[in-house]
Amino acid sequence: MTRDHYLSALRGANDPGAESPPVLLAPLSGVTDLHMRRLAQRLGASAVVSEMVAAAELAKGDAESQVRAEGAGVDPHVVQLAGCAPEPMAEAARIAVANGADAIDINMGCPAKTVTGGESGSALMRDLDHAARLLAAVRDAVDTPVTVKMRLGWDHASLNAAELARRADAIGLNGVTVHGRTRQQFYKGRADWSAIRPVVEAVRIPVIANGDVASLDEARACLAQSGAAGVMVGRAAVGRPWLVGEIAAGLAGRAAVPLTAEQRAMVAAEHYEGLIALYGPAMGVRHARKHLAAYADAADGLSPDDRRRLVTTHDPAEALSLLRRAFLEPAGRATTPLGEAA
């Protein structure tokens, strides 16, 4: 698959044939569940990536890993795999593709201690020979596009993202995403978008820039400083799944029509109800709490007591009522059906 074909695939159905930079929803462990991805793509994201899936668990048939890798209603369906051994990574890639994945992304950027402690995620950047063997195993296992997401390096003494990207390019991967921080920075300070430019200049394949993109202006600045082919939006989209599409529209030169308060309330309710249906009432309520908190913060319409009730209630009806209050009651707005302009 050529560079242009891969970028076209990333743009997907929301931006067919366009030349604008794609804007992707980042993989966020425990956050970018199937329903968040569906919503973000429906609301204009160029492409979305699954939350991180443990390759060894998926290869063993673990039910929760299968749910994480689910992609019904998402096109293209990109599954991110994490692991430290070539064989389970290759097998998990084959399983994901057999179950409908259109592309596989390999996690070499997660900074979490629970991941790096098992020599996965960004820990792989400390041994590029081993990282390359893992990339090659996945590349050889499937015919779909394969990409890798990384950081600038383990720390500032080992900024080796460009070298890892060169190896990925030589192995035949289709793209690279770089978060503009080292592993040791975690999420402190600001992402260094200009530090991504050496990676862009080192390879022929597309590079997507990631880190601290939370607005159209920041997306434009990130692209200008990094020279990347596109951007990936992560934490800023939590509680605002419409943000990715708004940025994509702006980069394409289209006027993004912001969702009304009623529409945002409906999106939040759909996400919550989808999680209940996906995981069942008990687990769904627990899984939804981080999203409920983020929606409440984005709406900024609940008192501290009501926000506390929203994220602790076990009653879906109460949660939905509080979500609606968060978006609508403070402003007293009239209702508008989703998809129609106010």
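Pick out the one residue from 249, 214, 229, 202 that is over 16 Å from residue 161 (Cβ atoms) and touching a residue at least 40 places away in the same chain (Cβ under 8 Å). First the steps, then the outcome.
Details: 214 fails: touching a residue at least 40 places away in the same chain (Cβ under 8 Å); 229 fails: over 16 Å from residue 161 (Cβ atoms); 202 fails: over 16 Å from residue 161 (Cβ atoms).
Matching residue, one of 249, 214, 229, 202: 249.
For residue 318, state whether it is at pLDDT 95 or above, open to solvent by 30 Å² or more (accessible area, probe 1.4 Å), over 17 Å from residue 30 (Cβ atoms) and of a type outside the set (Lys, Arg).
On the way: at pLDDT 95 or above: yes; open to solvent by 30 Å² or more (accessible area, probe 1.4 Å): yes; over 17 Å from residue 30 (Cβ atoms): yes; of a type outside the set (Lys, Arg): yes.
Yes.
Examine the stretch 97-107 for a residue that is surrounded by fewer than 24 Cβ atoms within 10 Å (Cβ to Cβ) and in a helix (DSSP H, G or I), and state whether such a residue exists.
Yes: one or more hits.
Of (1) within 23 Å of residue 236 (Cα to Cα); (2) touching a strand residue (DSSP E or B) at 6+ places or on another chain (Cβ under 8 Å), residue 168 satisfies all except one. Which?
Status for residue 168: all satisfied but (1).
Kindly evaluate residue 325 against the criterion of being basic (Lys, Arg) and surrounded by 15 or more Cβ atoms within 10 Å (Cβ to Cβ).
On the way: basic (Lys, Arg): yes; surrounded by 15 or more Cβ atoms within 10 Å (Cβ to Cβ): yes.
For residue 325, the condition - basic (Lys, Arg) and surrounded by 15 or more Cβ atoms within 10 Å (Cβ to Cβ) - is met.
Kindly state which helices (runs of 4 or more DSSP H) lie completely within the stretch 134-238 and contain at least 2 residues that are open to solvent by 40 Å² or more (accessible area, probe 1.4 Å) and closer than 30 Å to residue 99 by Cα. Explain how you work it out, then say what you get.
Values: elements: 161-171, 197-202, 216-226.
It comes to 161-171.
Select, from 256, 296, 252, 282, the only residue that is among the small types (Gly, Ala, Ser), over 17 Å from the mean Cα position of the chain (by Cα) and open to solvent by 50 Å² or more (accessible area, probe 1.4 Å). Give the derivation first.
Details: 256 fails: open to solvent by 50 Å² or more (accessible area, probe 1.4 Å); 296 fails: open to solvent by 50 Å² or more (accessible area, probe 1.4 Å); 252 fails: open to solvent by 50 Å² or more (accessible area, probe 1.4 Å).
Of the residues listed, the single one that is among the small types (Gly, Ala, Ser), over 17 Å from the mean Cα position of the chain (by Cα) and open to solvent by 50 Å² or more (accessible area, probe 1.4 Å) is 282.
Looking for something open to solvent by 10 Å² or more (accessible area, probe 1.4 Å) and part of a helix (DSSP H, G or I) - is there at least one such residue anywhere in the stretch 71-85?
No, every residue in the stretch 71-85 fails to be open to solvent by 10 Å² or more (accessible area, probe 1.4 Å) and part of a helix (DSSP H, G or I).
Among the residues of the stretch 113-122, are any open to solvent by 30 Å² or more (accessible area, probe 1.4 Å), hydrophobic (A, V, I, L, M, F, W, C) and either modelled with pLDDT of 95 or more or in contact with a helix residue (DSSP H, G or I) (Cβ under 7 Å, 6 or more places away or on another chain) (or both)?
Taking the stretch 113-122 as the starting set, the residues that turn out to be open to solvent by 30 Å² or more (accessible area, probe 1.4 Å) are 113-114, 117-119.
Checking the rest, the ones that are also hydrophobic (A, V, I, L, M, F, W, C) come to none.
No, the stretch 113-122 contains no residue that is open to solvent by 30 Å² or more (accessible area, probe 1.4 Å), hydrophobic (A, V, I, L, M, F, W, C) and either modelled with pLDDT of 95 or more or in contact with a helix residue (DSSP H, G or I) (Cβ under 7 Å, 6 or more places away or on another chain) (or both).
Considering only residues that are modelled with pLDDT under 95, aliphatic (A, V, I, L, M) and over 15 Å from the mean Cα position of the chain (by Cα), which ones fall in the stretch 6-64?
7, 9, 13, 18, 63
The values are calculated or read from the model by the stated rules, or taken from the named source; none is laboratory data. These numbers come from a predicted model, not from an experiment. Heads up, the Cβs are rebuilt from the backbone with ideal geometry, glycines too, and the neighbour counts pull from every protein chain shown. These area figures cover heavy atoms from the full protein model, side chains too; ligands, DNA and RNA do not enter into them. Shrake-Rupley method; radii C 1.70, N 1.55, O 1.52, S 1.80 Å.
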